[in-house]
Amino acid sequence: MTTPGTPPPPPQWGQQPPQPSPPPQPLRNGLGVASLVLGIIGVLCGLVPLLFWAAGVLAVLALVFGCVGIGRARKGQADNKGVAIWGTSLGAVAAVLAVVGLAITITVVNDTVDELHSTGGKKESAAGREGHSNNALRFGETFTYDDGVKVTVAKPSSYQPGPYAVGHADGNKALTVKITVVNGSGSTVDLDLSTVTFKDADGAQGEMIFDGDMPRELAGELQPGERSTATYAVSLPPDAASALEVQVEPGVFTYDSESWSGSVR
């Protein structure tokens, strides 16, 4: 028995002395708060399509911090689970807005590029006819783009491929098509960017014939005031050889594609 003021008796042999209880761990609520703040800023940035990149970065940070904050709250290391949940939710909203902003920005940029580089034009009938009702021009007619570049597709002519021609099947009808481009603009036209395609009477893709020096394609740089004439050969199946449509685009991203069509014999 001890009296007040006397020290406790020493521990008996084999007994551990009493250990002081560890101090309580401080609550770590910082990540939950950071998630909420980043989520709010991310949503505000996401409302401006051009700031989609900032919204995306903030959304990722808000989601990561929020998930870690929720995990800490479950372990008893934080007591702001609701704040972390709100931060994670706002991060998800910011991520959605970032994707929407990216899509809007890409669409606007593509439309702007098309408006800056593409050019319209008008039809010029070789026979002096106006108000052509069909969307496609007739063979022999000229299409003039707004910058002065002119494209003319002549009426197709019959063609006899050589024995080593590629792209022509026995029994098909072979035709040659002559295309002329006149550069009436004030700048150089890169004909290497031209595309020419063919469609038969059924609307199917026509097969281009490669035979010796055929085709003589549109190529090179066409200076202002110059003209270039190319000749292509196409093979059409006999049951769809009554008509031909030729689509010409003298420059990708610069000129719209135009079509010429008509019957062939």
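The values are calculated or read from the model by the stated rules, or taken from the named source; none is laboratory data. Here the structure is a predicted model, which is why all the values come from computation and not from measurement. Don't worry about glycine lacking a Cβ; one is built from the backbone with ideal geometry, like all the others, and counts go over all protein chains shown. These accessible areas exclude ligands, DNA and RNA; they are computed on the full protein's heavy atoms, side chains included. Shrake-Rupley method; radii C 1.70, N 1.55, O 1.52, S 1.80 Å.
Look through segment 106-123, keep the residues that are modelled with pLDDT under 70 and open to solvent by less than 70 Å² (accessible area, probe 1.4 Å), and return whichever of them is nearest to Gly56 (Cα to Cα).
If we take residues in segment 106-123 being modelled with pLDDT under 70 and open to solvent by less than 70 Å² (accessible area, probe 1.4 Å), then Val113 is nearest to Gly56 (Cα to Cα).
Looking only at segment 189-206, count how many residues are touching a Leu at 6+ places or on another chain (Cβ under 8 Å) and over 15 Å from Val252 (Cβ atoms).
Number of matching residues: 5.
With respect to Glu226, is the statement that it is open to solvent by 20 Å² or more (accessible area, probe 1.4 Å), more than 31 Å from the chain's Cα centre (by Cα) and of a type outside the set (Ser, Thr, Tyr) true? Give the derivation first.
Values: open to solvent by 20 Å² or more (accessible area, probe 1.4 Å): yes; more than 31 Å from the chain's Cα centre (by Cα): yes; of a type outside the set (Ser, Thr, Tyr): yes.
So Glu226 passes the test.
Would you please name the residue that is nearest to the chain's Cα centre (by Cα), looking only at residues in segment 163-192 that are among the small types (Gly, Ala, Ser), over 14 Å from Gly225 (Cα atoms) and part of a loop (DSSP other than H, G, I, E, B)? Explain how you work it out, then say what you get.
Taking segment 163-192 as the starting set, the residues that turn out to be among the small types (Gly, Ala, Ser) are 165, 167, 169, 171, 174, 184-187.
Retained after the next criterion (residues that are over 14 Å from Gly225 (Cα atoms)): 165, 167, 169, 171, 174.
Okay, now just the ones that are also part of a loop (DSSP other than H, G, I, E, B), so 165, 167, 169, 171.
Numbers: Ala165: 37, Gly167: 32, Ala169: 37, Gly171: 41 Å.
Here the residue is Gly167.
For a quick check of your reading of the model, give me the residue pairs whose first member lies in segment 140-168 and is over 22 Å from Leu244 (Cβ atoms), whose second is among the hydroxyl-bearing types (Ser, Thr, Tyr) and crowded, with 20+ Cβ neighbours inside 10 Å, with beta-carbon atoms closer than 6 Å and at least 6 apart or on different chains.
What qualifies is Tyr145/Tyr255.
If we keep just the residues of segment 229-246 that are touching a Pro at 6+ places or on another chain (Cβ under 9 Å) and hydroxyl-bearing (Ser, Thr, Tyr), which is surrounded by the fewest Cβ atoms within 10 Å (Cβ to Cβ)? Quick ask: steps written out before the conclusion?
Initial filter on segment 229-246 (touching a Pro at 6+ places or on another chain (Cβ under 9 Å)): 230-235, 244, 246.
Narrowing the set further to residues that are hydroxyl-bearing (Ser, Thr, Tyr) leaves 231-232, 235.
Numbers: Thr231: 16, Tyr232: 24, Ser235: 23.
Only one residue tops the list, namely Thr231.
Okay, residues lined up against (1) modelled with pLDDT under 85; (2) in contact with a Lys or Arg (Cβ under 8 Å, 6 or more places away or on another chain); (3) under 30 Å from Val252 (Cα atoms):
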site	(1), (2), (3)
Thr6	yes, no, no
Gly76	yes, no, no
Ala95	no, no, no
Ile104	no, no, yes
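With respect to the numbered conditions (1) of a type outside the set (Phe, Trp, Tyr); (2) touching a strand residue (DSSP E or B) at 6+ places or on another chain (Cβ under 7 Å); (3) open to solvent by 50 Å² or more (accessible area, probe 1.4 Å); (4) under 25 Å from Thr188 (Cα atoms), which one is the sole condition not fulfilled by Glu258?
In the conditions (1) of a type outside the set (Phe, Trp, Tyr); (2) touching a strand residue (DSSP E or B) at 6+ places or on another chain (Cβ under 7 Å); (3) open to solvent by 50 Å² or more (accessible area, probe 1.4 Å); (4) under 25 Å from Thr188 (Cα atoms), Glu258 misses (3) alone.
Would you call Trp53 out of contact with any helix residue (DSSP H, G or I) (no Cβ under 6 Å at 6 or more places or on another chain), assigned to a helix (DSSP H, G or I) and either modelled with pLDDT of 85 or more or not aliphatic (A, V, I, L, M) (or both)? Walk me through how you get there before you give the answer.
Numbers: out of contact with any helix residue (DSSP H, G or I) (no Cβ under 6 Å at 6 or more places or on another chain): yes; assigned to a helix (DSSP H, G or I): yes; either modelled with pLDDT of 85 or more or not aliphatic (A, V, I, L, M) (or both): yes.
Answer is yes for this residue.
Return yes when Gly251 is closer than 30 Å to Thr112 by Cβ, buried (at least 18 other Cβ atoms within 10 Å of the Cβ) and modelled with pLDDT under 95 and no when it is not. First the steps, then the outcome.
Numbers: closer than 30 Å to Thr112 by Cβ: yes; buried (at least 18 other Cβ atoms within 10 Å of the Cβ): yes; modelled with pLDDT under 95: yes.
When the stated conditions are applied, Gly251 passes them.
Scan segment 147-168 for residues that are farther than 23 Å from Glu258 by Cα and buried (at least 16 other Cβ atoms within 10 Å of the Cβ) and jot them down.
Correct list: Tyr159, Pro161, Ala165, Gly167, His168.
Could you please let me know if Leu97 is part of a helix (DSSP H, G or I), under 27 Å from the mean Cα position of the chain (by Cα), farther than 28 Å from Leu27 by Cβ and not small (Gly, Ala, Ser)?
Values: part of a helix (DSSP H, G or I): yes; under 27 Å from the mean Cα position of the chain (by Cα): yes; farther than 28 Å from Leu27 by Cβ: yes; not small (Gly, Ala, Ser): yes.
The answer is yes for Leu97.
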